[in-house]
Amino acid sequence: MLQTGCLYIVPTPIGNLSDISARALEVLQQVDLIAAEDTRHSSRLLGHYQISTRTISMHAHNEHQRTGLLIEKLKQGMAIALISDAGTPLISDPGYEFVNTCRAEGLNVIALPGPCALTTALSASGLPTDTFTFFGFLPVKQQAKTEQLLKAAQAGHTCVFYEAPRRITDTLKLCKEALPEHTHYVLAKELSKTFETYVSGNIDTLLAYLSADPGHVKGEFVLMLHCKTLQAAGLPESAISLLKDLLPLLPPKQASAAVAKHYAVNKKQLYELSLSLKTPE
């Protein structure tokens, strides 16, 4: 029996419908209402398992309005399930405001374990997994995207992004332009589906894969990268220290050029580092 007045966060398959758990199916069958990111999309899953529970939409554009309505239904004793189009809700999907409000109101929230593109791709990537950072979807604007990618390159551990098919090629070209050559990449697509693919190597390997066949650009992508810190790549401590001293006084390009000339080190590496160290005004 489900708890009354409880919100259940239910992961759904990221591709293969068989990946849903028996517990998830039980919850979806027994709750009073399912809040779905897209009711039309979710109807395929629910219909496949002959689940007739009533659904209501909750997406990025109506979450604020829906939150108040659903909170009242929970207070009235309803059991509600929250699902996204695929994977675990709230992981680059709507639901934060709803769950946060439930907690603030003292309402019970139970999260079920289950499918997630982030952990699925990372576990099979071959990249270090002891420490990693998940950035979600990259920004659309090029400058903001560049800053995000440079931040990842400076992390010193594996970084994970989601990217849309219409932007993946441009994003990888930006990686080639902005990130160190020794960065190691893994691109995963169509996870758990028939044409699941992992491409691993340098940036040229990934770009060659995408350009080899128009079908290679289709699907949802998980982009993972790992880059040793610039210090580990050969920058002396004294050069990094001087760069930190100059950044409050000079723009990043000028500071990097000055340090590169003084220590005869790579200016591009210094500039990349300077962008991660520069404090926004």
Task: Förster-model FRET efficiency, 30 Å R0, T194 and K75, C-beta, rounded to 0.05 - done: 0.10
Task: Student exercise, the chain dipole from Lys, Arg, Asp, Glu Cβ charges, in Debye to nearest 20 - done: 480 debye
Open item on the list: Using only DSSP helix segments of four residues or longer, with each worth -39500 (n - 2.57), what per-residue ellipticity at 222 nm results for the chain after dividing by its residue count and rounding to 500?
Closed with: -12000 deg cm²/dmol
TODO: Using only the alpha-carbon atoms of the range 120-169, report the extent along each of the three principal axes, biggest first, to the nearest angstrom.
DONE: 31, 24, 15
Open item on the list: Can you tell me the convex hull volume per residue for the range 118-226, based on C-alpha atoms, in Å³ to the nearest whole number?
Closed with: 87 Å³
Open item on the list: Along the charge dipole of the chain, pointing to its positive end and built from +1/-1 on Cβ of Lys, Arg, Asp and Glu, which listed residue (L207, V27, V259) has its Cα farthest out?
Closed with: V259
Open item on the list: Taking just the alpha-carbon atoms of the range 61-180, what radius of gyration and Dmax come out, in angstrom?
Closed with: 18.0, 56
Task: Distant-in-sequence amide H partners of L82 (H built 1.01 Å from N, under 5 Å) - done: Y8, I9, V10, A35
TODO: Mind giving me the FRET efficiency for Q29 and H61? R0 is 25 Å, r the Cβ-Cβ distance, nearest 0.05 is fine.
DONE: 0.30
Task: G5 long-range amide H proximity, modeled H, under 5 Å - done: G77, M78, A79
Open item on the list: Using the alpha carbons of the chain, what is the convex hull volume per residue in cubic angstrom, as a whole number?
Closed with: 155 Å³
Open item on the list: Using the Cα centre of the chain as origin and beta-carbon charges of +1 (Lys, Arg) and -1 (Asp, Glu), tell me which of M58, Q269, P165 is placed farthest towards the positive end of the dipole.
Closed with: Q269
- [ ] Jot down the radius of gyration and Dmax of the range 148-281, Cα atoms only, both in angstrom.
- [x] 17.1, 55
- [ ] Would you calculate the separation in nanometres between label points at L2 and Q50, each defined as 7 Å from the Cα along the Cα-to-beta-carbon direction?
- [x] 1.9 nm
TODO: Grab every C-alpha pair in the range 6-115, bin the distances at 5 angstrom width from 0 up to the longest one, and report whole percents.
DONE: 2, 13, 27, 28, 19, 9, 2, 0
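Can you tell me the relative contact order of the range 237-277? Whole percent, Cα pairs under 8 Å, sequence separation 6 or more. Intermediate results must be reported in sequence, preceding the final value.
Working: 31 pairs, mean separation 17.0, N = 41.
Across the range 237-277, relative contact order equals 42 percent.
Can you compute the equivalent ellipsoid semi-axes for the range 164-205, i.e. the square root of 5 times each eigenvalue of the Cα gyration tensor, sorted largest first and rounded to whole Å? Walk me through the intermediate numbers first.
Numbers: eigenvalues 90, 33, 7 Å².
Working through the eigenvalues yields semi-axes of 21, 13, 6 Å.
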TODO: Obtain the radius of gyration and the Kirkwood radius of the range 1-63 from its C-alpha atoms and give Rg over Rh.
DONE: 0.94
Task: Descending principal axes extents, the range 237-277, alpha-carbon based, whole Å - done: 21, 16, 15
Task: Value of Rg to Rh for the range 186-263 (Rh from inverse mean 1/r over Cα pairs, i.e. Kirkwood) - done: 1.24
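Rule-based calculations on the coordinates, nothing more; no lab input. Since the model is a prediction, treat every value here as computed from it, not as a measurement. Neighbour counts run over all protein chains shown; Cβ positions are idealised from the backbone, glycine included.
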